[in-house]
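To start, the structure under review is shown below, and the notes come after it.
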Amino acid sequence: MKKVFSLLVISIFSLSLFGQPVNETAQIMLTLAKRSGNLPSLYTKYYKVKAWSVKQSKPVPAKYETWTLSDFQPAMDLSTKKPIDWGVNGDRYVVVNIVPDHNNRPYHVRDDLTGSANNLTFSLELYEFDGKFVKTISKWGYLLGSGYHGVVYVQQGVYPTFLSGVAVEKGGKLTYKVFNDAKTRLSDLVDEYELVTAIRNKKVEREDQIPLQLSCTFPPRPVYDAQKTAILEKMKRESPFLQMKYYQNGVYDAGKRDFPKPNQKWSFWNMFIASDIANRCPVDWGPNGDRYLQFDPEFEEKRNYSALEDDLYSTGKRFLFALRLYENDGRFVKTISSYGNFFGFGEGSFVFMQDAKNEIASFFTRLPVEIDKPFSYKVDKRTVTKISELLLFKPVQ
């Protein structure tokens, strides 16, 4: 069956060459690769605290091999052969882009789906904090050693640059398991059937990733009722739960198989860096990596099964709790999740299911957690139905 399908791919591609220009087909491939969502590096901002020049334990790691990166130093800019200029405020960021490769660069992405000569490579681009393009740092390069901790981008075969998903320090070392050796096949980036469909229809059905500089903010909903505003402010003043700030070393995505049971251990098969369901990408912790997450109460407007009953303030209302991202000085950045469900309260920790979907289980804790490792903790309470159960919960400081 796979052989028949592959022949179909080649046949459709061959026909497409007669029905549309080759460069149009190449553009469709490029567009689909950019929009597929299979490569987080294409829609993740890497600030100076997440981009580092490194030494590798070996030049190209094998798949599923343990790889060590060491001697983290400020990331270099190949175009100047100096450290990257992060701007006056130090808040510029780099992003990986995928571009055509007409010169068969080392470790280019070859078309292994249709067999065309439309090769691709990766560039590294620098942007201002507001999303304005600054320059291309590296016109071509390749991605190595992709894992849950990050990926290495090699600038034009010269400067290995670690694009980190975790917090690291200058001069430090990191050892992690590699899940992809090098991104060199189109099938690593796009689905075969989706490519065939796009070529046949002469268009890509997937929407573009939300532009980085225009990523949704979802500010807190304004409350014009003075009495309601007073209730919300009173909640924030009195609740240890709402006062808690969670930084990047206290929030993780949990790989769960089931839901918790009281007075039992809840085990996660793996732990990952924290994600943002609004943009389907890692949480943007900011230029200095010091942004924080905090929960914010809101009155329920339309019926929502995630809302909790008021048993503290005699309002007769129900409340939702949004997860918001703030700058270190308290300025609002964006809403990560407008509401969600809470589970597994115990050992000062808990899980928040973003948007009440069984997709992203955000684990909030002060317990020691390692990325790409199993984890378990003792659960006292399975879930909550009333605001007192949530607002009076005391997270571990």
TODO: For the stretch 254-276, enumerate the residues that are buried (at least 19 other Cβ atoms within 10 Å of the Cβ), over 13 Å from SER376 (Cα atoms) and not aromatic (Phe, Trp, Tyr).
DONE: ILE273, ALA274, SER275, ASP276
Open item on the list: Residues that are more than 29 Å from ARG280 (Cβ to Cβ) and either hydrophobic (A, V, I, L, M, F, W, C) or more than 21 Å from the chain's Cα centre (by Cα) (or both), at least 1 per element: which strands (runs of 3 or more DSSP E) completely within the stretch 348-397 meet that?
Closed with: 375-379, 381-383
Task: The listed residue being surrounded by fewer than 17 Cβ atoms within 10 Å (Cβ to Cβ) and in contact with a Lys or Arg (Cβ under 9 Å, 6 or more places away or on another chain), out of THR80, THR66, THR44 - done: THR66
Task: Residues of the stretch 324-364 that turn out to be among the basic types (Lys, Arg) and touching a Gly at 6+ places or on another chain (Cβ under 9 Å), as a count - done: 1
Open item on the list: Given the options LYS228, LYS234, LYS202, name the one that is surrounded by fewer than 18 Cβ atoms within 10 Å (Cβ to Cβ), in contact with a helix residue (DSSP H, G or I) (Cβ under 8 Å, 6 or more places away or on another chain) and more than 26 Å from LYS357 (Cα to Cα).
Closed with: LYS202
Open item on the list: Can you pull out every residue in the stretch 156-182 that is over 16 Å from TYR64 (Cα atoms), part of a strand (DSSP E or B) and of a type in the set (Gly, Ala, Ser)?
Closed with: SER164
- [ ] Name the single residue, out of those in the stretch 238-249 being more than 16 Å from GLU327 (Cα to Cα) and not hydrophobic (A, V, I, L, M, F, W, C), that is farthest from the chain's Cα centre (by Cα).
- [x] GLU238
Open item on the list: If I filter the stretch 134-145 for residues that are more than 22 Å from ARG291 (Cβ to Cβ), of a type outside the set (Val, Ile, Thr) and not in a strand (DSSP E or B), do I get at least one hit?
Closed with: yes
Open item on the list: When you check ARG221 against the structure, is it more than 23 Å from LYS386 (Cβ to Cβ), under 27 Å from the mean Cα position of the chain (by Cα), among the charged types (D, E, K, R) and not assigned by TED's automatic domain parsing to the domain that holds ARG92, yes or no?
Closed with: no
Task: Considering residues of the stretch 239-253 that are assigned to a helix (DSSP H, G or I) and touching a helix residue (DSSP H, G or I) at 6+ places or on another chain (Cβ under 9 Å) only, the residue surrounded by the most Cβ atoms within 10 Å (Cβ to Cβ) - done: PHE241
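The values are calculated or read from the model by the stated rules, or taken from the named source; none is laboratory data. Just so it is clear, the model here is predicted, and its values are computed rather than measured. Ideal geometry is used to build each Cβ from the backbone, glycine not excepted, and the neighbour counts take in all protein chains shown.
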